[in-house]
Amino acid sequence: MPKHNSLLRTKTSSFFSSCFLYAAKTSASFLLAWAFWSFFSSPAPSANPSPSRGLASEAALSCPAGKAGHNRSYDPPDPTFYDDPELSYTIEKTIKNWDEKRREWLEKHPSFAAGAADRILMVTGSQATPCKNPIGDHLLLRFFKNKADYCRIHGYDIFYNTVLLQPKMFSFWAKMPAVKAVMLAHPEAEWIWFLDSDTAFTDMDFTLPLDRYKAHNLVVHGWPHLIHREKSWTGLNAGVFLMRNCQWSMDFMEEWASMGPQAPEYDKWGVIQRTTFKDKTFPESDDQTGLAYLILKEREKWGNKKYMEDEYYFEGYWMEIVGTLENITDAYTGIEKRERRLRRRHAERVGESYGKVSQEHLKDAGYGRGSWRRPFMTHFTGCQPCSGDHNQMYSGQSCWDAMQIALNFADNQVPRRYGFVHRDLLDTSTVPPLPFENPASDLGGGAS
């Protein structure tokens, strides 16, 4: 499996071997700096952070799993942490004993305890004002539809934020106040999954391998050697991460946020980050370099609870992905022609069982660059769909066309469950009906 695929955000698709990654770091830093300078349309730690491992297994599992078993109309009068007048959802106020508070809340709400160990809540968002790019709001709507489709298919809740919960934490810093507030508002969720607004699921069947992360509290896309040996701020991407809803995460976010523009030492952190990571070219403190710094410099305190995912497209750079989607479509069509179970019509609610059938035929497909497996998530870093201030290494039209192709590629995995499909990945609006037992029959005729 390739270990260097998509995170060195603004490198061209030829920079994938280790030697090329090292040689291209200066270019990568400049291009990534462009992305940070452009407006991104997204929304006191303890001395010994708690090695949290999750609470769900400790709560009473007395009710049926799934949303059908949740009693949303029951909130007992017994006091919980919500009744504490000192509780604050703001990023500035420290939260203590969060693991115990979550555990007590679950004990008082047993219908939410079943299945809590794997419960995921997705967080994403965009700016509060209309986009400057004339098609920006349309693109953000499509990106949101993509995430809503994925959540509906897999039974996840989603929170879409359009306001700055800390007015000084603008742009890429806006995620932290939102994630903290969501953790407090959703004690039933074990995992909070943050996604930048310019990300799209391009494999609607793939699900996170949570068993792989059971000993960890933070999952990001990255490569450890680029952080620890090469000391590159491009060794990870902070635009997508999975964070456990626990005290460790509360402490970690508080320290991470202390590098932000609302903090008194914001300018100092900009200097520290540039001194530590020589390929960082812009002076301001940013969230991605801040995350890399905490992993590099406080490895014992934080690092053993983080997981750098590099074995699949936890988020993948769009320039290395979009050009492969046509061939991937052909490969999956070939599988469906051979496997009749995948041509069977079925209810969307039971679609995960058909995804497992697909996996039986993908054992040799590989992951990441060079694979003919659908990329899990495609990240349009540098395209800036809302502002339109795209990276100058490519044209705005190439960004918009690539977004349409990727979003329609992903969307084809959804309307086909309703009997329709996009014939042309650059044609968003036309979806002819699928014939019975497609793709064994020609795409062109027949009733759905």
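Placing Asp149, Asp267, Asp330 in order of accessible area, with the largest value first and a 1.4 Å probe, yields Asp267, Asp330, Asp149. Which listed residue (Cys151, His109, Pro134) has the Cα farthest towards the positive end of the charge dipole for the range 106-223, taking +1 on Lys and Arg C-beta and -1 on Asp and Glu C-beta about the Cα centre? Of the candidates, Pro134 comes out farthest on the positive side. Bridging of Lys337 to lysines at a Cα separation below 18 Å is possible for Lys356, Lys363, once same-chain residues fewer than 8 apart are set aside.
Residue by residue, the range 370-375 carries 3J(HN,Hα) couplings of x, 7, 9, 7, 4, x Hz when phi is fed to the Karplus relation 6.51 cos²θ - 1.76 cosθ + 1.60 (θ = phi - 60°); x denotes Gly or Pro.
Extension gain Asp267-Thr94, at 0.36 nm per residue separation less the Cα-Cα distance, in nm? Write down the numbers at each step before the final one.
Numbers: separation 173, 0.36 × 173 = 62.28 nm, distance 2.25 nm.
Contour length minus the Cα-Cα distance gives 60.0 nm.
Residues in the range 417-432 carry Karplus couplings, in order, of 6, 10, x, 9, 7, 6, 6, 10, 5, 9, 10, 6, 9, 9, 9, x Hz; the curve used is 6.51 cos²θ - 1.76 cosθ + 1.60 with θ = phi - 60°, and Gly or Pro positions show x. In this Cβ point-charge picture (+1 for Lys and Arg, -1 for Asp and Glu), the range 318-417 has a dipole of about 760 debye about its Cα centre. Within the straight-line cut-off of under 21 Å between alpha carbons, the lysines reachable from Lys268 are Lys168, Lys231, Lys278, Lys280, Lys297, sequence neighbours fewer than 8 places apart in one chain being disregarded.
Run through the range 305-359 and list the trypsin sites (Lys or Arg not before Pro) located in a DSSP loop whose Cβ has at most 14 other Cβ atoms within 10 Å. Numbers along the way, then the final one.
Details: sites: Lys305, Lys306, Lys337, Arg338, Arg340, Arg341, Arg343, Arg344, Arg345, Arg349, Lys356; in loops: Arg344, Arg345.
Filter output for the range 305-359: Arg344, Arg345.
Annotation: per residue accessible area for the range 130-232 equals 33 Å², rounded to a whole number [probe 1.4 Å, protein chains only]. Note on Tyr354: accessible area approximately 40 square angstrom, rounded to 10, probe 1.4 Å, nucleic acids and ligands left out. Look at the dipole of the range 85-309 built from charges on Cβ: of Pro85, Ala215, Thr234, the Cα furthest out on the positive end belongs to Thr234.
Ranking Tyr418, Tyr213 by solvent-accessible area of protein heavy atoms (1.4 Å probe, all protein chains present), from largest to smallest, gives Tyr418, Tyr213.
A quarter of the convex hull surface defined by the alpha-carbon atoms of the range 142-212 gives 5.6 nm² as the mean projection. Note that the range 318-417, at 4 °C in a medium of 1.567 mPa s, gets a Stokes-Einstein diffusion coefficient of 85 µm²/s from its Kirkwood radius over C-alpha pairs.
Put a dot 7 Å past the Cα of Leu210, heading toward its Cβ, do the same for Arg345, and the two dots end up 3.3 nm apart.
Distant-in-sequence amide contacts of Glu309, defined by a placed amide H-H separation under 5 Å and a gap of 5 or more residues or a different chain, comprise Val220, His221, Gly222.
Percentage of Cα-Cα pair distances in the range 85-309 greater than 28 Å, rounded to whole percent? Display every interim value, and only then the final one.
Numbers: 7856 of 25200 pairs.
Across the range 85-309, Cα pairs with separations above 28 Å total 31 percent.
3J(HN,Hα) along the range 398-412: 5, 5, 5, 5, 5, 4, 4, 4, 5, 5, 6, 4, 5, 5, 4 Hz, from the Karplus curve 6.51 cos²θ - 1.76 cosθ + 1.60 with θ = phi - 60°, whole Hz, x for Gly and Pro. Accessible surface ranking for Lys132, Lys145, 1.4 angstrom probe, highest first: Lys132, Lys145.
Where Rh is the Kirkwood radius over the Cα pairs of the range 185-331, the temperature 4 °C and the viscosity 1.567 mPa s, what D in µm²/s does Stokes-Einstein return? Don't jump to the answer; show the numbers that get you there.
Details: Rh = 16.7 Å.
This corresponds to a translational diffusion coefficient of 78 µm²/s.
Counting only protein heavy atoms and using a 1.4 Å probe, the accessible area of Thr276 comes to about 20 Å².
The values are calculated or read from the model by the stated rules, or taken from the named source; none is laboratory data. Just so we're clear, the structure is a prediction, and the values are computed from it rather than from any experiment. Every residue, glycine as well, gets a Cβ built from its backbone with ideal geometry; the counts of neighbours run over all protein chains shown. Surface areas here come from the heavy atoms of the whole protein model, side chains and all, with no ligands, DNA or RNA. Shrake-Rupley method; radii C 1.70, N 1.55, O 1.52, S 1.80 Å.
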